[in-house]
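The values are calculated or read from the model by the stated rules, or taken from the named source; none is laboratory data. Note that this is a predicted model, so its numbers are computed, not measured. Because the Cβ atoms are built from the backbone with ideal geometry, glycine has one as well, and the counts that use them run over all protein chains shown.
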Amino acid sequence: MKKFQLQTVIKHVVCIILSIIVLAPLYMVLINSFKSKTESARMSLSLPTEWFFSNYAIVIEQGKLLQGFFNSFLYAGVSTSIAVLTCAMAAFVLCRKRTKLNKGLYFFILSGLFFPINYVTLVKILTTFGVANTRLGLIIAFTSSMIPFCVFVIRNFIITIPVEFDEAALIDGAGPVKLFFQIIVPLIKPVLITVFILEFMGVWSDFMTPLYLSGSSSMWPMNLAVYNFFGKMTSNWNYVFADIVLTCLPVILLYIVGQRYIVGGLTSGGVKE
Amino acid sequence: MNNKRTYPQWFLLIPLVLYVVFFLAPSLLGIAYSFTDWNARSIKGINFIGLENYIEVFTSNKDYTLGIFNTLRFALVSNVVKLIPALLLAVMLHENLKGKNVYRTIFYLPSILPFLIIGLVFTSILNFKTGLLNTALDFLHLDFLKQKWLTDLAVVWNSIFGVDAWRGIGYCMTIFLAGLNAIPKSYYEAASIDGANFFHKFFYITLPMLSSSIMINLVFGIAYGLKVFDIVYVLTNGGPGHATEVVTTYSYQLYANGKYGMSSALNTILFLVTAVIGVLVVKGMSKQEVQQ
């Protein structure tokens, strides 16, 4: 019994130390975002001698954050919605109708999990379609890049749904569209939410795609705006930190709300059915 | 049941078209352009120059080969330093421990933050004079451990691996935890009856039963490692000198300088390396699928 307790204590000590390592940087960012310029330059963990809530107002105004927030939200929301919906439809057919062609197509799409995107030529292709340097172009690029992951995870989930559901719906006279939207979608809702959250956060965090593809600063998502702001304000860490807090807030909120789905999704995607 | 009508092929249309046109085609087109002198000034036309770009990659004094080597090194080392601690943590948090859900939530937190943000935060933390890390070492009377984390050639890679581990361990841990949940408890009970100790159980039950979680972690980890960009770009921008340059940072520089053909050549090399690894993995997966 004694040995058991000692083990528990050691585990807690390890976990607490690790928690501090994880949380200290985040706490430092938060607390220093309320300090004056000189005080924040020391980057200490102590409370501000005077609280500068105005840092946030300044950052929102000068850092083009509202524009950035709108852009990020637009890119993440639209491209993730399109990808999740269309990939669910595709995954459904790939999973239910396992012809030779469909099996081939599945692995063909799956191989995209590994390939790096060639942005140089992607710009050229977007130019050909007349959408280079537009928000639509960015949305198309984001949507396309998440297709392999969406198809992979959603298909792994649909496999666990018994075919009997389909048959029952067909006997009731449902067509494929009705079958998919009224029977299958409600059944696979958990995985759709998971993929939506993960990919939404993925687009929100994506730095490389907008770096290559957004021509003007009015198209910048939040994190590109932050990076640029950082370039201009290297000595004003209080502003940079306030900027960082505002950029992370949406994803942290999404994480808190959707935590259950994220962990569940990693389970369904991570473990073979 | 009429398969053709129930599961219409047109359901595949949109993802397939987007995938082929805006994901795969750029890569294939990139291969074609890597044999040309395409650049920002080639308004008149793009000329075929054979293997010249590739020859330059491997012979120029700009250390492109170091970039390739660094990329491979990152893909390998970053995974080792993430997966081993992640596995140990998962095993620890799988057993009954008060507050384990709180710990899990905290450990996963960094992996939801944008890479760029993590990079920015750590440029401040790793700052030699004012950074939190060196201040903390001072405070703990461990000053001898203080380093110029981002500018000293000898430690800069360790800093990058460290930041990447800070970000990624929680993610890998969560996947391991999912795998651990799927192992029936009876296996351990049976082993205990046979007198197995902790290490026996770990090596003969836990590890083999976790093979698919290990696989998933490795696959995503290696794919991520080969494509790494944000963290390196923000933390060191390839410096000091070109010491931490990776393929993607070189390729972005070349793009920014208008050398599209050269940039494509580097991308193509990365594409081929990941393609080889990807095909091997997908083949392995399809084999598993057949067995079921």
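Condition test on B:Leu83, is it within 30 Å of B:Val156 (Cα to Cα), facing another protein chain (nearest Cβ under 9 Å) and not hydroxyl-bearing (Ser, Thr, Tyr)?
Spelling it out, it is not the case that B:Leu83 is within 30 Å of B:Val156 (Cα to Cα), facing another protein chain (nearest Cβ under 9 Å) and not hydroxyl-bearing (Ser, Thr, Tyr).
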Inset, instruction - Restrict the check to the range A:18-27 and report whether at least one residue is assigned to a helix (DSSP H, G or I), of a type in the set (S, T, N, Q), buried (at least 21 other Cβ atoms within 10 Å of the Cβ) and within 11 Å of chain B (Cβ to nearest Cβ). - result: no
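Please determine, by comparing only the residues of the range B:239-253 that are within 14 Å of the chain's Cα centre (by Cα) and within 10 Å of chain A (Cβ to nearest Cβ), which one is nearest to B:Ile118 (Cα to Cα).
B:Thr248
Would you call A:Pro210 under 20 Å from the mean Cα position of the chain (by Cα), assigned to a helix (DSSP H, G or I) and either of a type in the set (A, V, I, L, M, F, W, C) or buried (at least 21 other Cβ atoms within 10 Å of the Cβ) (or both)? Reasoning before the result, please.
Working: under 20 Å from the mean Cα position of the chain (by Cα): yes; assigned to a helix (DSSP H, G or I): yes; either of a type in the set (A, V, I, L, M, F, W, C) or buried (at least 21 other Cβ atoms within 10 Å of the Cβ) (or both): yes.
Against the criterion (under 20 Å from the mean Cα position of the chain (by Cα), assigned to a helix (DSSP H, G or I) and either of a type in the set (A, V, I, L, M, F, W, C) or buried (at least 21 other Cβ atoms within 10 Å of the Cβ) (or both)), A:Pro210 qualifies.
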Inset, instruction - State whether one or more residues within the range A:127-144 are in a helix (DSSP H, G or I), farther than 30 Å from B:Gly261 by Cβ and out of contact with any Lys or Arg (no Cβ under 9 Å at 6 or more places or on another chain). - result: no
Inset, instruction - Could you tell me which numbered condition B:Ile125 fails, if it satisfies all but one of (1) touching a residue at least 12 places away in the same chain (Cβ under 8 Å); (2) at the interface with chain A (Cβ under 10 Å from one of its Cβ atoms)? - result: (1)
Inset, instruction - State all residues of the range B:25-41 that are crowded, with 20+ Cβ neighbours inside 10 Å and within 26 Å of A:Pro148 (Cβ to Cβ); if no residue qualifies, say none. - result: B:Pro26, B:Ser27, B:Gly30, B:Tyr33, B:Ser34
Legend entry - Considering residues of the range B:203-238 that are surrounded by 15 or more Cβ atoms within 10 Å (Cβ to Cβ) and away from chain A (no Cβ under 14 Å) only, the residue nearest to A:Phe230 (Cα to Cα): B:Thr236
Inset, instruction - Test A:Gly68 against the stated conditions and say whether it is closer than 30 Å to B:Ala165 by Cα, buried (at least 16 other Cβ atoms within 10 Å of the Cβ), touching a residue at least 12 places away in the same chain (Cβ under 8 Å) and in contact with a helix residue (DSSP H, G or I) (Cβ under 9 Å, 6 or more places away or on another chain). - result: yes
Legend entry - Answer residue from the range A:104-114, given it is modelled with pLDDT of 90 or more and at the interface with chain B (Cβ under 8 Å from one of its Cβ atoms) and is farthest from B:Ala275 (Cα to Cα) among those: A:Leu105
Legend entry - Cβ pairs under 8 Å, 6+ apart, first in the range A:179-192 and closer than 16 Å to B:Pro8 by Cβ and touching a residue at least 24 places away in the same chain (Cβ under 8 Å), second assigned to a helix (DSSP H, G or I) and of a type in the set (Asp, Glu): A:Ile184/A:Asp166
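Of all residues in the range A:34-64 being part of a loop (DSSP other than H, G, I, E, B) and within 12 Å of another protein chain (Cβ to nearest Cβ), which is nearest to B:Thr123 (Cα to Cα)? So that I can check it myself, show each step before the final result.
At the first step, the residues of the range A:34-64 found to be part of a loop (DSSP other than H, G, I, E, B) are A:34-36, A:42-53, A:63-64.
When the remaining residues are screened for being within 12 Å of another protein chain (Cβ to nearest Cβ), the result is A:42-46.
Values: A:Arg42: 14, A:Met43: 12, A:Ser44: 15, A:Leu45: 16, A:Ser46: 20 Å.
Only one residue fits best here, namely A:Met43.
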Inset, instruction - Quick one: in the range A:213-232, of everything that is outside any helix (DSSP H, G or I) and crowded, with 19+ Cβ neighbours inside 10 Å, which residue is nearest to the other protein chains (Cβ to nearest Cβ)? - result: A:Pro221
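Can you confirm whether B:Asn70 is under 30 Å from B:Ile231 (Cβ atoms), touching a strand residue (DSSP E or B) at 6+ places or on another chain (Cβ under 9 Å), more than 9 Å from chain A (Cβ to nearest Cβ) and surrounded by 22 or more Cβ atoms within 10 Å (Cβ to Cβ)?
Working: under 30 Å from B:Ile231 (Cβ atoms): yes; touching a strand residue (DSSP E or B) at 6+ places or on another chain (Cβ under 9 Å): no; more than 9 Å from chain A (Cβ to nearest Cβ): yes; surrounded by 22 or more Cβ atoms within 10 Å (Cβ to Cβ): yes.
No; evaluated as a whole, the condition is false for this residue.
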Inset, instruction - Give B:Phe48, B:Phe115 a once-over and let me know the one that is over 26 Å from A:Ile262 (Cα atoms), of a type in the set (A, V, I, L, M, F, W, C) and not assigned by TED's automatic domain parsing to the domain that holds B:Phe271. - result: B:Phe48
